[in-house]
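Undergrad: Take a look at this one; I'll ask things after.
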Amino acid sequence: MVEHYEHQFISFINAEMEQDPAHDLNHVMRVVKTAKSLCAIEGSKLEVVLPAAYLHDCFSFPKNHPDRARSSFIAAEKAMDFLAAIDYPSEHHNDIGHAIIAHSFSANVYPQTIEAQIVQDADRLDALGAIGIARCLQVSTGLGVGLYDPEDPFCEARAPNDRANTVDHFYTKLLRIAETMNTQSAKEEAEKRTAFMKQYLAQLGAEI
């Protein structure tokens, strides 16, 4: 059973992940939890979904690194070496590697299998809702980005620039993530979380 490997997955990512406040073990565990739920609904292979969900961020360049789009490819290679070292069934390796590569927004790789779609959905759901807002603030703070443009906080008369304003990231990416979901159950959850984020923006506007 794939669950027998979970402690090894957790030990590996604890040792190998370059953790930051938004990409830490808590993030991984939330993605794993969501992926398990989606896997049960979709009837897909847990033997592929579970290791891919655990290992998807075992390597990651910083958000502002010029090679950011290569992160998931390197993570997949690293994961393959690890899975071989623990004698994880080799018939699943290629599908796990593809799921890890395709999870990434910046890699822009279409998920060819239902397992890859589930891992991508689970990771993207963690960018939405209350957790998504908190992670967005954590990343922006780490990059030294301000909260909003005082003249036009919600990009009503200008193009959003999330390198200058945290709130702009809602308009460059976060509010569009729901449209990229693959599975119906993930789409429904993404819509709920997006609605919450819009409420947050409305409250922020009232306070400003």
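The values are calculated or read from the model by the stated rules, or taken from the named source; none is laboratory data. Quick caveat, the model's predicted, so the values are computed rather than measured. Methodologically, a virtual Cβ is constructed for each residue, glycine included, from the backbone with ideal geometry; neighbour enumeration extends over all protein chains shown. Heads up: the accessible areas ignore ligands, DNA and RNA and are worked out on the full protein's heavy atoms, side chains in. Shrake-Rupley method; radii C 1.70, N 1.55, O 1.52, S 1.80 Å.
Undergrad: Would you mind telling me which numbered condition in (1) surrounded by fewer than 19 Cβ atoms within 10 Å (Cβ to Cβ); (2) assigned to a helix (DSSP H, G or I); (3) at pLDDT below 85 Ser71 fails?
TA: (1)
Undergrad: Open to solvent by 20 Å² or more (accessible area, probe 1.4 Å), at pLDDT 95 or above, closer than 18 Å to Glu189 by Cα and out of contact with any Gly (no Cβ under 6 Å at 6 or more places or on another chain): does that describe Ile118?
TA: Against the criterion (open to solvent by 20 Å² or more (accessible area, probe 1.4 Å), at pLDDT 95 or above, closer than 18 Å to Glu189 by Cα and out of contact with any Gly (no Cβ under 6 Å at 6 or more places or on another chain)), Ile118 does not qualify.
Undergrad: Next question, about the same structure. Look through region 162-183, keep the residues that are over 18 Å from Leu125 (Cα atoms) and charged (D, E, K, R), and return whichever of them is most open to solvent (accessible area, probe 1.4 Å).
TA: The selected residue is Arg163.
Undergrad: List the number of the failed condition for Ala186; all other conditions in (1) touching a residue at least 40 places away in the same chain (Cβ under 8 Å); (2) open to solvent by 60 Å² or more (accessible area, probe 1.4 Å); (3) part of a helix (DSSP H, G or I); (4) hydrophobic (A, V, I, L, M, F, W, C) hold.
TA: (2)
Undergrad: For region 158-172, what are the residues that are in contact with an Asp or Glu (Cβ under 9 Å, 6 or more places away or on another chain) and either closer than 21 Å to Arg193 by Cβ or among the basic types (Lys, Arg) (or both)?
TA: Result: Arg158, Pro160, Asp162, Val167, Asp168, His169, Phe170, Tyr171, Thr172.
This table checks each residue for (1) touching a residue at least 60 places away in the same chain (Cβ under 8 Å); (2) under 14 Å from the mean Cα position of the chain (by Cα); (3) buried (at least 17 other Cβ atoms within 10 Å of the Cβ).
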| position | (1), (2), (3) |
| --- | --- |
| Lys78 | yes, no, no |
| Asp87 | no, no, no |
| His93 | no, no, yes |
| His98 | no, no, yes |
| His103 | no, yes, yes |
| Ser106 | no, yes, no |
| Thr113 | yes, no, yes |
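Undergrad: Based on this model, can you work out whether Ser140 counts as assigned to a loop (DSSP other than H, G, I, E, B), hydroxyl-bearing (Ser, Thr, Tyr) and open to solvent by less than 20 Å² (accessible area, probe 1.4 Å)?
TA: no
Undergrad: A further question follows. Considering Asp123, Asp149, which residue is at negative phi and either crowded, with 20+ Cβ neighbours inside 10 Å or of a type in the set (Lys, Arg) (or both)?
TA: When all the criteria are applied, what remains is Asp123.
Undergrad: Out of Leu25, Leu83, which single residue is over 15 Å from the mean Cα position of the chain (by Cα) and touching a residue at least 12 places away in the same chain (Cβ under 8 Å)?
TA: Every option except Leu83 fails the conditions.
Undergrad: Among Ala159, Ala202, which is the only one that is more than 24 Å from the chain's Cα centre (by Cα), open to solvent by 70 Å² or more (accessible area, probe 1.4 Å) and of a type in the set (A, V, I, L, M, F, W, C)?
TA: Ala159
Undergrad: Please go through region 1-19 and give me each residue that is farther than 15 Å from Ala79 by Cβ and crowded, with 16+ Cβ neighbours inside 10 Å, ordered by number.
TA: If we filter region 1-19 for residues that are farther than 15 Å from Ala79 by Cβ, which is where we start, we get 1, 3-4, 7, 19.
Listed by number, the list holds a single entry, Gln19.
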